[in-house]
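J.: Sharing a structure below in structure tokens format, with a few things to ask.
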Amino acid sequence: MRVLLLVMSLLVQAQSLDGLVRTAVLDARRPGLDPVMKVASDVGKPVVVFGILLAVAGFDPTLGPATARIALAALLGTNLAVESVKRISFRARPDGEHKRSNASFPSSHAANAFALAAILARRWRRWAPAFVAVASLVAFSRMYLDRHWLSDVLVGAALGVFCAWAAVRWLWGWAERRPRVRAVPHPMPDSGP
């Protein structure tokens, strides 16, 4: 009973903070930023994400395909988790839309952006700040466009990072356990700073 009361009190606090942040973001909107935020939001669409993964696979012929496979595994896990939680939560979007198949909580754009950023940042460490910045912009754009609450974006980002971590651990561990026929570069080496 105490745990239930604790969870309920945290949800009330989160909803209060969501409302405050939404008001602040909507008050800060400027017409000149709308197109930028729409483009940033579009970066989270599946066709763009798959295009990025194709570029990764082609950009680095040695480790790019393995990185793209790990990213696909992370994105698969991320989307399974997000869509399951969306159907359970059935949370209305800030703009008023309320459909179980497209619930607000958690943000799939934020989840996918952060899952992809985590995988790419692990592969190309010196570009990690740029990957995180783009993922953050995608997540913020969802609040700016009034499609998500702050808690939707934060939980989505956390789910994406967790699924990326799990995919790396699972695939990396699988690669380490399988018998090696010839020396193959590790799919996710620890790159330098």
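The values are calculated or read from the model by the stated rules, or taken from the named source; none is laboratory data. Given the structure is predicted, the values throughout are model-derived calculations rather than measurements. Ideal geometry is used to build each Cβ from the backbone, glycine not excepted, and the neighbour counts take in all protein chains shown.
J.: Tell me whether region 140-147 contains one or more residues that are hydrophobic (A, V, I, L, M, F, W, C), out of contact with any helix residue (DSSP H, G or I) (no Cβ under 7 Å at 6 or more places or on another chain) and either surrounded by fewer than 16 Cβ atoms within 10 Å (Cβ to Cβ) or without any contact (Cβ under 8 Å) to a residue 24 or more places away in the chain (or both).
T.: no
J.: I'm checking my understanding of the structure. Among residues of region 64-96 that are buried (at least 21 other Cβ atoms within 10 Å of the Cβ) and in contact with a Lys or Arg (Cβ under 8 Å, 6 or more places away or on another chain), which one is farthest from residue 165 (Cα to Cα)?
T.: The residue in question is 94.
J.: Follow-up. Among the residues of region 86-115, which ones are part of a loop (DSSP other than H, G, I, E, B) and farther than 18 Å from residue 37 by Cβ?
T.: 90, 91, 92, 96, 98, 99, 103, 105, 106
J.: Evaluate region 146-168: report whether one residue or more is farther than 26 Å from residue 39 by Cα, at pLDDT below 90 and more than 12 Å from the chain's Cα centre (by Cα).
T.: Checked against the condition, which is being farther than 26 Å from residue 39 by Cα, at pLDDT below 90 and more than 12 Å from the chain's Cα centre (by Cα), region 146-168 yields at least one hit.
J.: Can you name the residue in region 117-136 that is assigned to a helix (DSSP H, G or I) and in contact with a Ser or Thr (Cβ under 9 Å, 6 or more places away or on another chain) and is also surrounded by the fewest Cβ atoms within 10 Å (Cβ to Cβ) among such residues?
T.: 126
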